[in-house]
């Protein structure tokens, strides 16, 4: 998923990077120019990726059904998120696919000039940071996509060597152990924020820093559907007390 | 080392790929157009790599002083050379540097259209093959260079992390970001259990199953010292309310 890419040539180069690594799905969030002949030219034989690309102006709804969302960055941020190398991230993604029969993974790449905003990174459960020269860390957008997709392909290769690809339907117990979707996570975090406000634990508005830290904590935990249910049950119990008192 | 690159834009993109990964030396064998404004434009902040690039029309003499020469290809050849993934090749290069005080390593990348000739590959001790989609394996030249240089940087990183095993004292910020100890985790879980009991959320005794699930959840999250402080702060706020009501 490319967030507000400026140069159509980069979109084409990204399509090529994606397809050479055996991937196909590309989501474009508010591209400056698309479709564009520069994109088609640089895509070379990967025009099909451009043709099936999803255009959107809303990241939140684009990732609503995702069970795992990763964001890429080269810089350190104020709140330091758990940062993975592309190699570690690919292993995590494979683990996620293995453990969750229902899954949809999104990887966000930011603007050429400034990457992802802190708000966008806060939507991600994990952050991928590509190790680069500290004196010149400005990777081209398509180059970053190429590296991440390459690691995914390498990891998938390793995986398929020991694979048994049977499909089967899920039991209720498995559904409860399934990874929570982004929407379910958001629901929990909103519920948590309301509860903390009613407890006067959050006094300042907006409660950015604390909520960002809590978001990071629950992202790290990669909650299951059942865990979200338990946590929201606790929040409801706290709120019931508040109402009665 | 780029052998007969056709597009000056690719030369610039390669320079950028090389520099972002902390490398510098670029050799151009018979480039079609160089220097060229397209190369400079795509190099972005890596103009220095272009300025110091070595121009030659003779591969043989260019690699004469090399102690290790690797060639890249995506296709299988009639004569199948020992083929390495970029990952394996980087490990080999590091091993070579470690074992040879005098060393110079060259990595050859072929033409955009047709790669390296069999004659050129015969000059190489090893062949690197980038795993790609069999239906569309046409990586952009700079993308291929980016992947190989990325693997070199990752391998060099791993190497240097082993090398400097120095210990140092931690800053306060680092201490807060440090992983919580088992004891701190236990303290949080006991506090959580007490709070849930006072909320009548836990009714049965012992509350084994629920607490086991919550323990698992917070174990997964790999809490930091600061996160334990935040969570216990919230629990204290809930308990304060309980006492007052």
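For (1) closer than 22 Å to residue A:87 by Cα; (2) at pLDDT below 90; (3) buried (at least 17 other Cβ atoms within 10 Å of the Cβ), each residue gets a yes or a no:
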| position | (1), (2), (3) |
| --- | --- |
| B:67 | no, yes, no |
| B:71 | no, no, yes |
| B:89 | yes, no, yes |
| B:110 | no, no, yes |
| B:115 | no, no, yes |
| B:128 | yes, no, yes |
| B:145 | yes, no, yes |
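Hey, can you tell me all the residues within the stretch A:110-135 that are in a loop (DSSP other than H, G, I, E, B), touching a residue at least 12 places away in the same chain (Cβ under 8 Å) and away from chain B (no Cβ under 14 Å)? Please lay out each step first, then the result.
In the first step, residues of the stretch A:110-135 are kept if they are in a loop (DSSP other than H, G, I, E, B); the result is A:110, A:112-114, A:116-117, A:122-125, A:130-135.
Narrowing the set further to residues that are touching a residue at least 12 places away in the same chain (Cβ under 8 Å) leaves A:110, A:112-113, A:116, A:122-125, A:130-132.
Result: A:110, A:116, A:122, A:123, A:124.
Can you find even one residue in the stretch B:136-148 that is away from every other protein chain (no Cβ under 13 Å) and closer than 25 Å to residue A:42 by Cβ?
Residues of the stretch B:136-148 away from every other protein chain (no Cβ under 13 Å): none.
Among the residues of the stretch B:136-148, not one is away from every other protein chain (no Cβ under 13 Å) and closer than 25 Å to residue A:42 by Cβ, which makes the answer no.
Restricting to the stretch B:13-27, give me the number of residues that are in contact with a strand residue (DSSP E or B) (Cβ under 9 Å, 6 or more places away or on another chain) and part of a helix (DSSP H, G or I).
1
Any residue at all in the stretch B:180-193 that's more than 8 Å from chain A (Cβ to nearest Cβ), at pLDDT below 80 and in a loop (DSSP other than H, G, I, E, B)?
yes
Since residue A:170 meets every condition but one in (1) more than 7 Å from every other protein chain (Cβ to nearest Cβ); (2) at pLDDT below 90; (3) surrounded by 14 or more Cβ atoms within 10 Å (Cβ to Cβ); (4) within 26 Å of the chain's Cα centre (by Cα), which condition does it not meet?
All conditions are met except number (3).
So which residues in the stretch A:203-221 are surrounded by fewer than 20 Cβ atoms within 10 Å (Cβ to Cβ) and either more than 10 Å from chain B (Cβ to nearest Cβ) or under 18 Å from residue B:200 (Cβ atoms) (or both)?
Correct list: A:203, A:204, A:205, A:206, A:207, A:208, A:209, A:211, A:212.
Check the stretch A:2-12 and report whether any residue there is part of a helix (DSSP H, G or I), in contact with a strand residue (DSSP E or B) (Cβ under 9 Å, 6 or more places away or on another chain), buried (at least 18 other Cβ atoms within 10 Å of the Cβ) and more than 9 Å from chain B (Cβ to nearest Cβ).
Just the residues of the stretch A:2-12 that are part of a helix (DSSP H, G or I), to begin with: A:8-12.
Of the ones still in play, those that are also in contact with a strand residue (DSSP E or B) (Cβ under 9 Å, 6 or more places away or on another chain) are A:10-11.
The next check asks that each one be buried (at least 18 other Cβ atoms within 10 Å of the Cβ); those that pass are A:10-11.
With more than 9 Å from chain B (Cβ to nearest Cβ) added as a condition, the list becomes A:10-11.
Looking through the stretch A:2-12, at least one residue is part of a helix (DSSP H, G or I), in contact with a strand residue (DSSP E or B) (Cβ under 9 Å, 6 or more places away or on another chain), buried (at least 18 other Cβ atoms within 10 Å of the Cβ) and more than 9 Å from chain B (Cβ to nearest Cβ).
If we scan the stretch A:222-245, do we find a residue that is more than 7 Å from chain B (Cβ to nearest Cβ), on the phi > 0 side of the Ramachandran plot and surrounded by fewer than 14 Cβ atoms within 10 Å (Cβ to Cβ)?
No, the conditions are met nowhere in the stretch A:222-245.
For the stretch B:35-57, how many residues are out of contact with any helix residue (DSSP H, G or I) (no Cβ under 6 Å at 6 or more places or on another chain) and in a loop (DSSP other than H, G, I, E, B)?
4
Return yes or no: is residue A:102 surrounded by fewer than 22 Cβ atoms within 10 Å (Cβ to Cβ) and assigned by TED's automatic domain parsing to the domain that holds residue A:152? If you could, list the steps in order and put the result at the bottom.
On the way: surrounded by fewer than 22 Cβ atoms within 10 Å (Cβ to Cβ): yes; assigned by TED's automatic domain parsing to the domain that holds residue A:152: yes.
So residue A:102 passes the test.
The values are calculated or read from the model by the stated rules, or taken from the named source; none is laboratory data. Values in this document were obtained by computation on a predicted structure and should not be read as measured data. Heads up, the Cβs are rebuilt from the backbone with ideal geometry, glycines too, and the neighbour counts pull from every protein chain shown.
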